[in-house]
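Bear in mind that the values in this text are calculations on the coordinates, not laboratory data. Here the structure is a predicted model, which means the values were calculated and not measured. Cβ: placed from backbone, ideal geometry, glycine included. Neighbour counts: every protein chain shown.
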């Protein structure tokens, strides 16, 4: 039979262990914590004004506008949630950012015709330009997402290398802007404050809060 002192000592040890690992039941122990938001900074801590404002349609701009469009696309993007997370973890990119790009570029595929945009130049959920990237796979396949996300992370890494003193937020915004318009368009911090980059980060926050 345990003495009172021994019992109290065991209780204290158990209580201490709970304090050391308060979230162990919430996390998947097989995944490093960084995979929850990837290797390129936490979008939940990044400043963004959201989508650019047009004075004629103020309701569709700013963070409110970005989140409004992200919510409209949520149902169409949900079926790809597991795939998005797999691809995000493979390339160490926040899945919420992938969902945000899919929302912005193709509305979860709803805006496409056989995987192509109305011009017939851009293909897939993340809308790769066939003249620049030579898309592979079917439009909503894992192969397509792997290619698109690899291109995006390569752009982010290129911005990191070219501008080593920039912050994580600037590197991510630079990579997003380069994914959309090309690395040659990035020369100063002003060049990364694009509608695309700011809108994607704002939409990404919405998707992070909704399970991505």
Looks like region 33-209, by Cα gyration tensor root eigenvalues a ≥ b ≥ c and the a/c under 1.5 rounded cutoff (else prolate when a/b is bigger than b/c, oblate otherwise), is rounded
What distance in nm lies between label points placed 7 Å from Cα along the C-beta direction at residue 42 and residue 54? 3.6
Assertion target for 128, 176, ordered by fewest C-beta neighbours within 10 angstrom first, is 128, 176
